[in-house]
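**Q** First the structure, which I've put down as structure tokens, then a few questions once you've had a look.
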Amino acid sequence: MAIGFLMMTDYQREIQAKAREIMERMLPFDELRRREDLNGGVGEFPKDVQLEFMKADLFAINMTPKYGGKGKGFVDRTALYEAISYTDPGFAFGFRGLGDKFDAIADSHLPEDEKHKWAAKFLETKNPEVVGGSFCLTEPQAGSDATRIETEAVYDKGNDEWIINGEKCLINNSDICSYMTVFAWTDKTVSAGKGVTAFLVEKDRAGVTVLPPVKKMGLKLENVGGFKFENVRVPSTHIIGELGGGFKSAMGKLDVDRAENVSFCLGAAQSAVDFCKKFANERQAFGKYIVQHEGVGFAIAEMEMKLQTARALLFQAMEAGDRGMNLGTALSIGTKWYGIQMCVEVAQDCIDILGGRGTLCDYPLEKVYRDLRAFPAMGGTPLIAKRTIAKTFTEKH
Ligand SMILES: Cc1cc2nc3c(=O)[nH]c(=O)nc-3n(C[C@H](O)[C@H](O)[C@H](O)COP(=O)(O)OP(=O)(O)OC[C@H]3O[C@@H](n4cnc5c(N)ncnc54)[C@H](O)[C@@H]3O)c2cc1C
């Protein structure tokens with residue numbers, strides 16, 4: 001079996017082939033290892049690889065044609081992310097993060113000519129500066145329970161501006177983004193569903209401090225850091241969507257994002273299985289290739305079907321998104337939890353099949369495992385996933 005869905009279009013096959021070629025050329029195994037070790041092991045987002053994807057017309061493929069984008073769908077994008085993640089899910093995750101944030105600009109109240117200026121910068125391929133956004137919801141005291149955020153925006157009527165104060169952490173692409181979507185209370189007298197608003201904040205505004213990226217066990221080719229906002233002023237045009245509608249839009253956006261995370265894990269897990277198959281067909285023990293021992297051959301067969309199950313769930317979620325259906329939080333978070341769980345289990349089983357070599361850094365599997373372990377917590381932990389699904393059938397007792 002191979003990466004990608006059974007029912008892929010010619011376009012999806014084509015972008016997968018291009019993505020694989022760029023990743024294999026730019027980030028061969030030794031180069032990946034070298035880049036993981038940069039900055040004392042924090043790692044670094046590879047802007048040069050990003051630029052290759054931009055030149056190949058593969059950046060932000062879902063951006064709306066109104067602003068010069070291709071307007072491709074969710075299934076297209078997941079096909080692309082799976083192919084990139086076959087080499088490195090960290091880069092794929094950072095790449096998605098930058099590319100899908102044009103929505104923040106499009107949904108803001110900026111004048112149209114300013115939106116078009118941003119769009120031109122966003123798609124510029126000659127200038128190596130990477131332009132993209134980040135999504136700032138999580139705070140030191142507020143993760144799963146996002147209603148606990150403390151960041152606040154106060155209206156200055158005289159200047160028609162909002163003054164933002166607060167702190168965000170665990171933010172993907174905080175170091176390289178050009179602007180942020182910042183969630184802040186605008187009315188603390190009502191519930192978060194009505195009192196939290198999303199703001200577009202350019203990174204170079206006075207009062208924004210970028211906190212350094214944190215060191216993680218995996219996904220070293222994307223960085224996660226934080227921001228401090230101290231009396232940061234933004235005009236009212238920087239409200240994204242409706243005043244007080246931030247929470248609703250955050251949750252809607254997360255529904256797609258979190259299910260889509262399965263694509264990163266699938267690419268990485270499939271690369272581990274493919275490596276494992278090769279290894280099992282070359283390594284001998286007790287007079288046979290180890291793949292001929294049922295314990296090994298059957299284990300790999302199970303892995304393949306786990307990945308196909310995860311892929312089918314992902315495809316269902318993305319196809320629903322493409323048809324404009326409301327995925328719903330339970331199905332979205334369930335797809336994410338179950339799909340990622342399958343991929344993590346597969347990576348772990350692959351390590352076992354390699355015997356003593358499974359965890360050696362000269363082999364690719366320990367990296368796959370380290371990378372995959374970061375995904376279960378993102379966009380809702382496994383416990384929150386089960387809690388959300390259980391709520392759909394728990395009656396008032
Ligand atoms: C690599 C990475 C990238 C990220 N990128 C972003 C980003 O770009 N933007 C952003 O805003 N955030 C981002 N996050 C943050 C992520 O969304 C949070 O880590 C996640 O929501 C969990 O929050 P927390 O870490 O604060 O854990 P907590 O909410 O503190 O949870 C701790 C534990 O308590 C459990 N728990 C909590 N409530 C319940 C309950 N009701 N029932 C049972 N168990 C419960 C959880 O399951 C977990 O095991 C990122 C995280 C990572 C690791």
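**Q** Could you point to the residue in GLY40, ASN223, ALA320 farthest towards the positive end of the chain's charge dipole, with +1 and -1 charges on the Cβ of Lys/Arg and Asp/Glu respectively?
**A** ALA320
**Q** If you average 1/r across every pair of different Cα atoms in the range 197-259 and take the reciprocal, what Kirkwood value do you get, in Å?
**A** Evaluated on the range 197-259, it is 14.0 Å.
**Q** Run the numbers for GLU345 and ASP156: contour at 0.36 nm per residue of separation, minus the present Cα-Cα distance, in nm.
**A** Using 0.36 nm per residue and subtracting the Cα-Cα distance, I get 62.8 nm.
**Q** Are there any helices in the chain, counted as whole DSSP H runs, that stretch 30 Å or more along their axis by Cα and score at least -0.5 on average by Kyte-Doolittle, and if so which?
**A** For the chain, where a helix must reach 30 Å along its axis and average at least -0.5, the hits are 246-282, 294-322, 329-353.
**Q** I need the per residue convex hull volume for the chain, using only the alpha carbons, in cubic angstrom as a whole number.
**A** Convex hull volume per residue, Cα atoms: 151 Å³.
**Q** What shape does the range 10-123 have by the C-alpha gyration tensor, where a ≥ b ≥ c are the square roots of the eigenvalues, rounded means a/c under 1.5, and otherwise prolate means a/b greater than b/c and oblate the rest?
**A** Here the range 10-123 falls in the oblate category.
**Q** Still on this structure, please answer the following. Give LYS115/LYS336; LYS168/LYS215; LYS253/LYS386; LYS115/LYS157 a once-over and call out the pairs whose C-alpha atoms are over 22 Å from each other.
**A** LYS115/LYS336; LYS115/LYS157
**Q** Give, in whole angstrom and from largest to smallest, the semi-axes √(5λ) of the equivalent ellipsoid of the range 248-393, with λ running over the eigenvalues of the Cα gyration tensor.
**A** Working from the Cα gyration tensor, I get semi-axes of 34, 14, 12 Å.
**Q** Separate question: Under 5 Å between amide H atoms, partner at least 5 residues away or on a different chain: which partners does ARG233 have, H built in plane at 1.01 Å?
**A** Under 5 Å from the amide H of ARG233: ILE164.
**Q** For a quick check of your reading of the filter: which trypsin sites (Lys or Arg not before Pro) in the range 249-337 sit in a DSSP loop and have no more than 16 other Cβ atoms within 10 Å?
**A** Answer in residue order: ARG283, ARG323.
**Q** Take the chain, connect every pair of alpha-carbon atoms lying under 10 Å apart with a spring to form a Gaussian network, then pick out the residue of ILE163, ILE105, ILE240 with the largest mean-square fluctuation.
**A** Among ILE163, ILE105, ILE240, the largest mean-square fluctuation in the Gaussian network model of the chain belongs to ILE163.
**Q** Hey, another quick one. Please work out the FRET efficiency for the pair THR381 and ARG33, using the Cβ-Cβ distance as r and a Förster radius of 35 Å; give the result to the nearest 0.05.
**A** 0.75
**Q** Do any of LYS66/LYS117; LYS18/LYS367; LYS278/LYS367 go past 20 Å between their Cα atoms, and which?
**A** The pairs that break the limit, which is 20 Å between Cα atoms, are LYS18/LYS367.
**Q** Tell me the trypsin sites (Lys or Arg not before Pro) within the range 159-245 that lie in a loop according to DSSP and have at most 14 other beta-carbon atoms within 10 Å.
**A** LYS188, LYS215
**Q** According to the square roots a ≥ b ≥ c of the eigenvalues of the Cα gyration tensor, what is the shape class of the range 77-155, taking rounded for a/c under 1.5, prolate for a/b larger than b/c otherwise, and oblate for the remainder?
**A** In terms of gyration-tensor shape, oblate.
**Q** Further, regarding this structure: So if we plug the beta-carbon distance of MET305 and SER144 into 1/(1 + (r/R0)^6) with R0 = 35 Å, what FRET efficiency do we get, rounded to 0.05?
**A** Result of the calculation: an efficiency of 0.70.
**Q** Something else now. Would you mind computing, in nm to one decimal, how far apart the modelled labels at LEU360 and ARG20 are, each placed 7 Å from Cα along Cα→Cβ?
**A** It is 2.7 nm.
**Q** Let me ask something else. Could you give the dipole magnitude of the range 1-86 about its Cα centre, charging the beta-carbon of Lys and Arg +1 and that of Asp and Glu -1, in debye to the nearest 20?
**A** That gives a dipole near 320 debye.
**Q** Follow-up question, since we're still on this one. Along the charge dipole of the chain, Cβ charges K/R +1 and D/E -1, which of GLN292, MET7, GLY241 sits furthest on the positive end?
**A** In the chain, that residue is GLN292.
**Q** Report the extension gain between LYS117 and MET217 in nm, rounded to one decimal, defined as 0.36 nm multiplied by the number of residues separating them, less their alpha carbon distance.
**A** 32.2 nm
**Q** Only Lys, Arg, Asp and Glu count, each charged at its Cβ (+1, +1, -1, -1), so figure out the dipole size of the range 175-224 about its Cα centre, rounded to 20 debye.
**A** Here the size comes out at about 200 debye.
**Q** Here is a further query. Determine the gain in length on full extension of the stretch HIS293-LYS194; use 0.36 nm per residue of separation and subtract their C-alpha separation, reporting nm with one decimal.
**A** 29.7 nm
**Q** Let me ask something additional. In the chain, what % of DSSP beta bridges are antiparallel (nearest 5)?
**A** If I count the DSSP bridges inside the chain, around 85 percent turn out antiparallel.
**Q** Could you estimate the translational diffusion coefficient of the range 56-98 from the Stokes-Einstein equation, with Rh from the Kirkwood formula over C-alpha pairs, at 10 °C and 1.306 mPa s, in whole µm²/s?
**A** Once the numbers are plugged in, D ends up at 149 µm²/s.
**Q** Mind computing the radius of gyration and Dmax over the alpha-carbon atoms of the range 135-199? Å is fine for both.
**A** Rg then Dmax for the range 135-199, in Å: 12.2, 37.
**Q** Something else: How high is the relative contact order of the chain? Use alpha-carbon pairs under 8 Å, at least six apart in sequence, and give a whole percent.
**A** Result for the chain is 17 percent.
**Q** While we're on this one: Counting each DSSP H run of 4 or more residues in the chain as -39500 (n - 2.57), what helix-only mean residue ellipticity at 222 nm follows after dividing by all residues, to the nearest 500 deg cm²/dmol?
**A** Mean residue ellipticity at 222 nm (helix-derived): -15500 deg cm²/dmol.
**Q** Taking amide hydrogens as modeled 1.01 Å from N in the peptide plane, which residues meet the under 5 Å criterion relative to LEU170, leaving out close sequence neighbours?
**A** Distant-sequence amide H within range of LEU170: GLY225.
**Q** At 37 °C and 0.692 mPa s, grab the translational diffusion coefficient of the range 133-246 from Stokes-Einstein with a Kirkwood Rh over Cα pairs, rounded to a whole number in µm² per second.
**A** 232 µm²/s
**Q** Picking from PRO376, MET342, CYS361, whose Cα lies most toward the positive end of the charge dipole for the range 336-395 (charges on Cβ: Lys, Arg +1; Asp, Glu -1)?
**A** Among PRO376, MET342, CYS361, the one farthest towards the positive end of the dipole of the range 336-395 is PRO376.
**Q** Kindly provide the GluC sites (Glu not before Pro) of the range 210-243 that DSSP labels as loop, not H, G, I, E or B, and whose Cβ sees at most 16 other Cβ atoms within 10 Å.
**A** Qualifying residues, ordered by number: GLU242.
Readers should treat all values here as calculations from the given coordinates under stated rules, not as data from a laboratory. Since we're looking at a predicted model, the values are computed, not measured. Ideal geometry is used to build each Cβ from the backbone, glycine not excepted, and the neighbour counts take in all protein chains shown.
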